[in-house]
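To keep things clear, I will list the structure first and then write my remarks on it.
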Amino acid sequence: MSAVDHLVSPVDVLALQYGNPRRMIGIPLLILGGVVVLTVAVSVAVLRAGGTVAGAQGNGSILWSVLGYTVALGAQNVASSFPFSLALGSSRRAFVLGNLLTAAAQALLVAVASLVLLGIEVATGGWFIGVHVVRSGLTGDGDPLVLGGAMLLGVLMAMSIGGVFAAAWVRFGARGPLGIAIGTTALLVVVLLVLSPIAASVRPAVEAIEPWWVAVLVTAVALVGQYLFLRRASVR
Amino acid sequence: MTAPAIRLTGVSRRFGRTTALDDVTTDVPSGVVCGLLGRNGAGKTTLMSILAGHDRPSTGAVEVLGSDPFEHARVMGSVSLVRDNQRYPEDFKLRHVLRVAPRFHERWDADLAAALVDDFRLPARTTIKKMSRGQQSGVGIVIGLASRAPVTIFDEPYLGLDATARRIFADRLLASRFDGAARTIVLSTHLIDEMEQLLDHVLVLNGGRLVRAGATDEVTAAAWSLSGPADAALRLAGGRAPISTRRIGGLVSLVFAGPEPEGVGAEARAAGLQVAPVSLQDLVAALGADEAAPTAERAAA
């Protein structure tokens, strides 16, 4: 009797994560569409009351709304899919790489959907009433490159954060996520304590930091953490 | 001689101060149906996890299909283990499982999976986590049998199954032995009487220790029972130490390890006692009644 020839690949894990398309594709698109519908509805109400929707460019709901669900999605994709993936014969390495592919695919999906919404918003002159939903100052004020990049990195980061918390739970139980939360908070406090006496001198350097640098750093740390937690994890 | 499908050498697994498996050494031949038997907390699930590469021993060596399964992609891909409390992705329904599983198991038999779904009357619209206990066991059986994985492990497949479903599983398991897919099947169960006919090989665990291992008929042949009025039975037992003693009123049933001694049958009949072979279920129950054995608990649970 011999082992099989087929090695479970990260693409197989990607297929597992997208096994239920409603959860991965349907709901995120519903959230994005829901934000548009709700924002337009509220704007109509404001206009009917004699108000104005000008100045709503600071509305970042298109980004925040989808990120909350995406963190939960990232956590689910590890907490419940990891045991099932291994039950089907995946190695931990294939699972982590497949999960990375999943996060990238999800980020691309949301970014493309956001760009489509931006296109519609521009083409309709702000959903026919001049309201800005996607064209937010937070996401580039209509610059498709900035919007696409922000959504791409935001979703990638959110999936990775959810994933690393779930991976810590798989490995260490409830102590895992708690440890990450305490450790991260402690690190931030220490950084603040160290930098506060020299705030004036480091301020230019801090101000020079681009948000996307932080997103890339957090994503990288979370992905490495996910692998380190899962590579020796037992299935619960 | 064919290499064993599974080889365990001095395998122990500890969770903190709890020893779930204690120095287990044995081989499981290739191509057999192997029963993993013992009481709750005996270490069965821990052993199955180690065989599938879902966990690894604290000490000792494990070989499945010739290699350590932990993070060995080819070996892990050759093993199917669906746990009795298997977690599935949120909102997964049966159709999602049937869509995904063939990607993971190269020998997946879609026709068999469809037939099993019909046999077990598994609901299509219910999410798996909302299925009844028996239906969830059915899903696990569908995955295990249809995977045709070279090493297929069933963790308590009978949980919650009705009598008809249990018979279907037994029939399908028997049929799977002749479907041309060489495979070794390991299954844990407490319904030993129902499964005994299907088991070629057994491993009996008690308190994390392997207390019996071998071909089923050899294991059961290495024990005998003496029963009848307590006074006469204990007198005939003499200095032999039973592995279990069961009293009901003035009657006693003693189970002894080893082959039945010559002449003891005639002596027993003369004393109004009965000497009989021990069924696998009685032997496992007797071995589990050993109060000296520590209870191995899954500390990580």
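Data for the structure
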| item | result |
| --- | --- |
| Residues located in segment B:103-130, provided they are among the aliphatic types (A, V, I, L, M) and farther than 15 Å from B:PRO157 by Cβ | B:ALA110, B:LEU112, B:ALA113, B:ALA114, B:ALA115, B:VAL117, B:ALA124, B:ILE128 |
| Filter result for the condition that a residue is outside any loop (DSSP other than H, G, I, E, B), touching a Gly at 6+ places or on another chain (Cβ under 8 Å) and more than 28 Å from B:ARG148 (Cβ to Cβ), over A:GLY68, A:GLY74 | A:GLY74 |
| Residues being closer than 22 Å to B:PHE104 by Cβ, free of Cβ contacts under 8 Å to residues at least 40 places away in the same chain and hydroxyl-bearing (Ser, Thr, Tyr) - total across segment B:118-158 | 1 |
| Complete set of residues in segment B:146-176 that are assigned to a loop (DSSP other than H, G, I, E, B) and either polar (S, T, N, Q) or within 13 Å of another protein chain (Cβ to nearest Cβ) (or both) | B:ARG148, B:ALA149, B:PRO150 |
| Residue in segment B:186-200 that is in contact with a Cys (Cβ under 7 Å, 6 or more places away or on another chain), at pLDDT 95 or above and not in a loop (DSSP other than H, G, I, E, B) present | yes |
| Residues located in segment B:222-264, provided they are in contact with a Phe, Trp or Tyr (Cβ under 8 Å, 6 or more places away or on another chain) and among the hydroxyl-bearing types (Ser, Thr, Tyr) | B:SER225 |
| Members of segment B:208-218 found to be surrounded by fewer than 23 Cβ atoms within 10 Å (Cβ to Cβ) and not in a strand (DSSP E or B), listed by number | B:THR216, B:ASP217, B:GLU218 |
| Residues of segment A:34-50 that turn out to be free of Cβ contacts under 8 Å to residues at least 60 places away in the same chain and under 23 Å from A:LEU109 (Cβ atoms), as a count | 3 |
| Filter result for the condition that a residue is assigned to a loop (DSSP other than H, G, I, E, B) and either surrounded by 11 or more Cβ atoms within 10 Å (Cβ to Cβ) or in the same structural domain as B:MET195 (by the TED database) (or both), over B:PRO242, B:PRO259 | B:PRO242 |
| Residue match in segment A:93-105 (condition: hydroxyl-bearing (Ser, Thr, Tyr) and not in a helix (DSSP H, G or I)) | no |
| Test: residue in segment A:65-82 that is within 11 Å of another protein chain (Cβ to nearest Cβ) and touching an Asp or Glu at 6+ places or on another chain (Cβ under 6 Å) | yes |
| Candidates B:ARG235, B:ARG209, filtered to the one that is touching a strand residue (DSSP E or B) at 6+ places or on another chain (Cβ under 7 Å), touching a residue at least 24 places away in the same chain (Cβ under 8 Å) and basic (Lys, Arg) | B:ARG209 |
| Residue within segment B:3-20 that is at the interface with chain A (Cβ under 9 Å from one of its Cβ atoms) and either β-branched (Val, Ile, Thr) or within 18 Å of A:PHE95 (Cα to Cα) (or both) present | no |
| Residue match in segment B:44-61 (condition: hydroxyl-bearing (Ser, Thr, Tyr), in contact with a Lys or Arg (Cβ under 6 Å, 6 or more places away or on another chain) and assigned by the TED database to the domain that holds B:SER176) | yes |
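Every residue, every condition in (1) more than 9 Å from chain B (Cβ to nearest Cβ); (2) crowded, with 18+ Cβ neighbours inside 10 Å; (3) modelled with pLDDT of 90 or more, yes or no:
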residue	(1), (2), (3)
A:SER2	no, no, no
A:ASP12	no, yes, yes
A:ASN20	no, yes, yes
A:VAL36	yes, yes, yes
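The values are calculated or read from the model by the stated rules, or taken from the named source; none is laboratory data. Remember, it's a predicted structure, so these values are computed and weren't measured experimentally. Heads up, the Cβs are rebuilt from the backbone with ideal geometry, glycines too, and the neighbour counts pull from every protein chain shown.
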